[in-house]
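Asks: This is the structure I want to talk about, given as structure tokens.
The values are calculated or read from the model by the stated rules, or taken from the named source; none is laboratory data. Quick caveat, the model's predicted, so the values are computed rather than measured. Neighbour counts run over all protein chains shown; Cβ positions are idealised from the backbone, glycine included.
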Amino acid sequence: MSSSDSYLSWLESAQTKHTNYASQLNQLGEYYKQKLWHQLTVLIEELLPQQEFQSFLISFYDNFITAFAHRINLLKLAQIAEVTAKQYKQPEQAIHFLQGAIKQITESGQRHTEQPMLFLRMHIAEDKLQMGATDECKTLIEEGKETLDTMENVSTAATGIPKSKLQSLLVTSHLLHFTSCR
């Protein structure tokens with residue numbers, strides 16, 4: 001069985017387990033077979049906000065999205081990965097997952113990896129802050145701010161990283177660090 005067959009086989013299995021999404025999962029399989037990466041991405045984006053779909057999102061990502069992750073818009077991939085990471089109960093698991101997504105982006109062979117990687121690193125910083133790892137959070141945010149300052153033509157609508165959020169995270173991280181040192 002080829003890897004392509006195993007991804008499609010997983011989709012078929014998911015259709016029987018998640019009958020409410022059978023039609024959409026079938027359509028995703030058709031888009032995948034036809035290599036219609038944009039249409040595939042758009043349909044996934046439509047499904048992401050749905051609570052029931054999120055209940056099997058980690059498995060969906062691991063068993064299907066990884067098949068074509070290197071072929072889609074990397075910023076879209078980062079946004080899908082961020083929603084998927086939120087499904088983990090522990091911040092440590094989410095961080096591990098996001099680090100894997102960063103590795104996928106790095107190894108994709110595509111250009112313009114800075115924005116999606118920055119997007120994911122800022123979400124790792126949020127998880128670090130939740131864990132109380134303020135020094136690590138602060139480092140990630142400062143590195144992110146430096147990266148953001150050197151980037152040209154960055155749209156906060158495209159990256160999802162408003163500079164005000166970076167500043168807010170940095171201030172929060174500094175405050176938590178300061179209070180933990182007392």
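Asks: Might you check whether a residue that is closer than 24 Å to residue 9 by Cβ, assigned to a helix (DSSP H, G or I), outside the structural domain of residue 19 (by TED's automatic domain parsing) and at pLDDT 95 or above occurs anywhere in the range 52-73?
Replies: no
Asks: Condition first: assigned to a helix (DSSP H, G or I) and out of contact with any Phe, Trp or Tyr (no Cβ under 9 Å at 6 or more places or on another chain). Now tell me which residues in the range 84-94 satisfy that. Let's see the steps before the verdict.
Replies: Residues of the range 84-94 assigned to a helix (DSSP H, G or I): 84-85, 91-94.
Once the filter is applied, which keeps residues that are assigned to a helix (DSSP H, G or I) and out of contact with any Phe, Trp or Tyr (no Cβ under 9 Å at 6 or more places or on another chain), the range 84-94 yields 91, 92, 93.
Asks: Still on this structure, please answer the following. Could you please find all residues in the range 14-29 being without any contact (Cβ under 8 Å) to a residue 24 or more places away in the chain and loosely packed, with under 11 Cβ neighbours inside 10 Å?
Replies: Scanning the range 14-29 gives 16, 19, 23.
Asks: Could you give me the residue pairs with C-beta distances under 9 Å whose first residue belongs to the range 83-96 and is free of Cβ contacts under 8 Å to residues at least 24 places away in the same chain, whose second residue is outside any helix (DSSP H, G or I) wherever it lies, and which are 6+ apart or on separate chains?
Replies: Close Cβ pairs (under 9 Å, with a partner that is outside any helix (DSSP H, G or I)) amount to 96/88.
Yes/no per residue for (1) assigned to a helix (DSSP H, G or I); (2) of a type in the set (D, E, K, R); (3) not assigned by TED's automatic domain parsing to the domain that holds residue 93:
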{"residue": "8", "(1), (2), (3)": "yes, no, yes"}
{"residue": "24", "(1), (2), (3)": "yes, no, yes"}
{"residue": "35", "(1), (2), (3)": "no, yes, yes"}
{"residue": "45", "(1), (2), (3)": "yes, yes, yes"}
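Asks: Residue 29 - would you say it is of a type outside the set (A, V, I, L, M), within 25 Å of residue 147 (Cα to Cα) and modelled with pLDDT of 95 or more?
Replies: no
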